[in-house]
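To start, the structure under review is shown below, and the notes come after it.
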Amino acid sequence: AMVTHVQTGTFEDDHQEDEEGARDGIIAGIEFNKDGTKMFTSFGFDPLSPDGDYHMINEYNLSTPYDISTKTYAGTTERCELGNGTNGVDTGGGAIVYDLEFSSDGMKIFITSRQAVNGADKDKVYRFDLTSAYDISTCEFAQTTTDLDSDDLQDGSLAGDRDGSTDAAQQKRNRSQGINFNDDGTKVFISYKGTEAATSAGRILEYNLSTAYDV
């Protein structure tokens, strides 16, 4: 089927600036509420900049559902600040925020992040809970994953030992990026970028959740 370009959305708004006025951020994920009147983007500053620990989800109101040309920024009071460390996204080691996903009822947000460093457990999924559906201003950190980049992913049966490198080298080559759930939240799918084309192909892995949306 032919694909036709319909719209382009630009994001040169003040909300992308930090307190210093920096504008070197990355928009990575995008989501809508169920009727398409709200759009959400995950946003973080380049980790190599002095403002690299600034991560958030921004909200836009669309006067025409799913028409991104009609977007209006909802304001700084309506965004979700993703925090850092024990209260949110771990920003150490050059973390970058990537994709976002809502639970089917709009009461939970999930964020993927990755770090360009050697070592175990540097790729994560974070869950933030909302007190009102799709009201991201009410977000509160709930939990994060452990061992997404364990040996099973790096050189075990799920991935295959691609070149016999050490675990630390293998772990650096995989970066969690995209995320999606099935309708009831009992399965989560995570895409990984392989950073060396000759030895580390990108892939999508499926994980079963014994408790829905409990990562």
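The values are calculated or read from the model by the stated rules, or taken from the named source; none is laboratory data. Being a predicted model, the structure only gives us computed values, none of them experimental. Using ideal geometry, Cβ is built from the backbone for each residue, glycine included, and neighbour counts are taken over all protein chains shown. Surface accessibility is based on the protein's heavy atoms, side chains included, excluding ligands, DNA and RNA. Shrake-Rupley method; radii C 1.70, N 1.55, O 1.52, S 1.80 Å.
Residue ranking by accessible heavy-atom surface, 1.4 Å probe, largest first, among 69, 42, 104 comes out as 69, 104, 42. In the context of the full protein assembly, residue 114 retains an accessible surface of approximately 30 Å², using a probe radius of 1.4 Å and ignoring ligands and nucleic acids. Going by accessible surface with a 1.4 Å probe and the largest first, 192, 73 read 73, 192. A straight Cα-to-Cα reach below 23 Å connects residue 122 with the lysines 108, 172, 187, 193, residues fewer than 8 places away in its own chain not being considered. For the pair residue 107 and residue 69, label points projected 7 Å from Cα toward Cβ lie 3.9 nm apart. One decimal place: the segment residue 143-residue 131 gains 2.8 nm when fully extended, by the rule 0.36 nm per residue minus the C-alpha distance. Length available on full extension from residue 211 to residue 180: 0.36 nm per residue minus the Cα-Cα distance, which gives 9.6 nm.
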